[in-house]
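The structure appears below as structure tokens.
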Amino acid sequence: MRKKWLLLILTLSVMLLISACGSASDATEKEDVSKEAEDSETRIVTTTVAIAEFLDALDINAVGIPTTYKELPERFNDATEVGSPMDPDLETVLSLKPTHVLSVTNLQGDLEKAFTEYDIPADYLDLDTVEGMFTEIEKLGEKYNRSEQANEIISNFDDKMKDVEEEVNGKDSPKVLILMGVPGSYIVGTEHSYIGNLVKRAGGENAVTNEEQDFISANTEYLQQLDADIILRAAHGAPDDVIKMFDEEFAQNDIWKHFVAVKNERVYDLEETLFGMSANLAVDEAIDELLTILYADN
């Protein structure tokens, strides 16, 4: 009799277990279906390369992408190019029937009026600093049901920064002058610019302080008085042309030979794919490159 009861209890336990697994499986399947339905209803246009890379890392598709010479992730092979980040083709954007158009805050002043006029649903991501970038990635994760992927990206970077802090601990902080070049001219990056933020995280000191703007215009006489140990030259727009412009400026303008960094041959051209105008997912590689530059004498 006892054996019969044990057999009955065992049978009921197995049945309950199967039922529970089935319910969990059904719930997971419903969640997956819901996620797929949500994804199919979302039509995202990204106007910058950095945001396209965020979307790829978060496993999010887009129907529109920026026109760029840079190689974008394969998931966007069938997406439509919508023009440059600073001047997207509004008719092309509208033709894609977007539910969300993603740009960046430092272009908001150039784009907002037209986007509003054409009733384009735009969001502007703050990518001026590393902190801002990860806040925006976290928001994207929450908005598009990708919080797990977002948290993993942020966690990996936090681990990276702990290693960087240990590496630079106790080292002297070099003073750094950042020149941001575009075809025909250049401006100076402050500690509030993205590259300025990277320099600070790598243990460097920005030569330009007490400024509220990301970038300032400054004459060479003022810059020479800052006594920067290192000059970083970042080229954008047409990198090869800008580097040529920098080379000509440094060769033809006699004052540059009086800069401490020039005398000590501590002038470096930054790789544009790593050091963009705004924060991007190449941040780990950019930090490593800066560590090599800033502490070359150590």
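The values are calculated or read from the model by the stated rules, or taken from the named source; none is laboratory data. Bear in mind that the values here come from a model prediction, so they are computed numbers and not experimental data. So basically every Cβ, Gly included, is an ideal-geometry build from the backbone, and we count neighbours across all protein chains shown. Accessible surface is based on the protein model in full, side chains and every heavy atom, while ligands, DNA and RNA are left aside. Shrake-Rupley method; radii C 1.70, N 1.55, O 1.52, S 1.80 Å.
Tabulated values for the structure
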item: Criterion violated by F215 - all others in (1) open to solvent by less than 80 Å² (accessible area, probe 1.4 Å); (2) farther than 23 Å from N106 by Cα; (3) of a type in the set (F, W, Y) satisfied; result: (2)
item: Checking Q224 against (1) part of a helix (DSSP H, G or I); (2) touching a His at 6+ places or on another chain (Cβ under 9 Å); (3) surrounded by 21 or more Cβ atoms within 10 Å (Cβ to Cβ), the condition it does not meet; result: (3)
item: Residues of region 227-239 classified as of a type in the set (A, V, I, L, M), touching a Phe, Trp or Tyr at 6+ places or on another chain (Cβ under 9 Å) and part of a loop (DSSP other than H, G, I, E, B), total; result: 1
item: Residue check for V242: in a helix (DSSP H, G or I), in contact with a Gly (Cβ under 6 Å, 6 or more places away or on another chain), of a type in the set (A, V, I, L, M, F, W, C) and over 19 Å from E131 (Cβ atoms); result: yes
item: Hey, R233 among the basic types (K, R) and open to solvent by less than 30 Å² (accessible area, probe 1.4 Å) or not; result: yes
item: Number of positions in region 156-171 that are without any contact (Cβ under 8 Å) to a residue 40 or more places away in the chain and outside any helix (DSSP H, G or I); result: 2
item: Total residues in region 174-206, condition in a loop (DSSP other than H, G, I, E, B), buried (at least 16 other Cβ atoms within 10 Å of the Cβ) and at negative phi; result: 7
item: Subset of region 248-271 [of a type in the set (F, W, Y) and not in a helix (DSSP H, G or I)]; result: F259, Y268
item: T209 vs. criteria surrounded by 13 or more Cβ atoms within 10 Å (Cβ to Cβ) and of a type in the set (V, I, T); result: no
item: Check on E152, assigned to a loop (DSSP other than H, G, I, E, B), over 17 Å from S278 (Cβ atoms) and either open to solvent by 60 Å² or more (accessible area, probe 1.4 Å) or touching a Ser or Thr at 6+ places or on another chain (Cβ under 8 Å) (or both); result: no
